[in-house]
Amino acid sequence: MLHQASYEFSVATRGRGFYEITRQVSAWIGDCAVQQGLITLHLRHTSASLLIQENADPEVRRDLERFFSRLVPDGDALFQHTAEGEDDMPAHVRTALTAVNLSIPIMDSRLVLGTWQGIYVWEHRVEPHSRRVAAHILGE
Amino acid sequence: MLHQASYEFSVATRGRGFYEITRQVSAWIGDCAVQQGLITLHLRHTSASLLIQENADPEVRRDLERFFSRLVPDGDALFQHTAEGEDDMPAHVRTALTAVNLSIPIMDSRLVLGTWQGIYVWEHRVEPHSRRVAAHILGE
Amino acid sequence: MLHQASYEFSVATRGRGFYEITRQVSAWIGDCAVQQGLITLHLRHTSASLLIQENADPEVRRDLERFFSRLVPDGDALFQHTAEGEDDMPAHVRTALTAVNLSIPIMDSRLVLGTWQGIYVWEHRVEPHSRRVAAHILGE
């Protein structure tokens, strides 16, 4: 019979960069004993993102960071909201350009991720932060 | 027992800018008497977005608008699809760069939004529009 | 009574461009006999996207392609991850700037898409690929 469960966890970031949470999310699916269903993750912040990207060559993530650093430069004179420093508004823009929630089907007790897909918290602030992720699962 | 409900509402925009819908969405969750579950919002348009962003300092939203206006300039000679004016194709591009649907878990009868997160319709067209949002809730 | 179903299909792309899947997704909803509910699509790749965009004037999609080609140029010297060629890293960046999953409510046995909305696989690689889409439906 269909049932649901909720969960929340935090990710301690060490500043700008990618923090993989695939294993943690998969472990929770196992705890919930859901074989088929849907999981939704929501990041409760406006200056970090949830991103599904390649988990093989780490150079892909470094290139993503290089591209976004050039596209949304820290300290850009365009920005008025600078209360928390040069990376404050760029972090909001990067978040708007990506996403804070994801929904992924579950089949055979596993996320239906592709071979090269991993789930990441992408920290956009330069300083370390504690980021909260809320999760909801539905299935049987 | 798990149940679902559907809802649709419209947002009258006064042209380019952000229109917060958090309160309206929260009120509907109350009407549905869902304590734990999942809500999905879908914007039925291709030239406006749904965005979760900071609801505290309004300068953040003005800076987002400034950044996107520079990134995707109105009247860019690159664009061929200009039937509805200089902001026509930029509105489609801004929509592609952001999102038209969002899924957010519900806990304790509330959206699990972070302290600073609000849900916005982001109108990308210069003229006022009526924007339709379809909502689906699942929970108990 | 609420029930769920899962499905997976592949899309044969002929290189960079848009491939509409709206009809295929709608047909599956019909097969599942779901009148009201929620469908989630997940693309199992990191160099192609799922995008909801205008299905009327094809020039819109050509302009989207022109814009993204200029924003994330193939062969950009910024990128280090070039194992699969000049379009390798740009494909990852385009994917990060858009999305690989979508959730859309169903009403009256139909997706609640707007009049001008179609669902597309957006292939970012220059060469043809076979792209897998996992789908989950919930409803009654």
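The values are calculated or read from the model by the stated rules, or taken from the named source; none is laboratory data. Only a predicted model underlies this, so the values are computations on that prediction, with no experimental measurement involved. All Cβ positions, even for glycine, are placed from backbone atoms using ideal geometry, and neighbour counts span all protein chains on display.
What to note about this one:
- Any chance residue B:82 is closer than 21 Å to residue C:54 by Cα and without any contact (Cβ under 8 Å) to a residue 24 or more places away in the chain: yes
- Scan of the stretch B:7-38 for residues that are buried (at least 18 other Cβ atoms within 10 Å of the Cβ) and within 14 Å of the chain's Cα centre (by Cα), ordered by number: B:11, B:13, B:16, B:18, B:21, B:25
- Where residue C:117 falls short, out of the listed (1) buried (at least 20 other Cβ atoms within 10 Å of the Cβ); (2) without any contact (Cβ under 8 Å) to a residue 12 or more places away in the chain; (3) not aliphatic (A, V, I, L, M): (2)
- Set side by side, the residues B:3, B:81 differ, and just one is modelled with pLDDT of 95 or more, surrounded by fewer than 22 Cβ atoms within 10 Å (Cβ to Cβ) and over 30 Å from residue C:68 (Cβ atoms), which is B:3.
- Meets criteria (basic (Lys, Arg), on the phi < 0 side of the Ramachandran plot and buried (at least 19 other Cβ atoms within 10 Å of the Cβ)) for residue C:94: yes
- Helices (runs of 4 or more DSSP H) lying entirely in the stretch C:22-140 (those with 1 or more residues that are within 11 Å of another protein chain (Cβ to nearest Cβ)): C:58-71, C:88-97
- Residue in the stretch C:52-60 that is touching a residue at least 24 places away in the same chain (Cβ under 8 Å) and of a type in the set (Asp, Glu) present: yes
- Selection status of residue B:98, in contact with a helix residue (DSSP H, G or I) (Cβ under 8 Å, 6 or more places away or on another chain) and touching a residue at least 24 places away in the same chain (Cβ under 8 Å): yes
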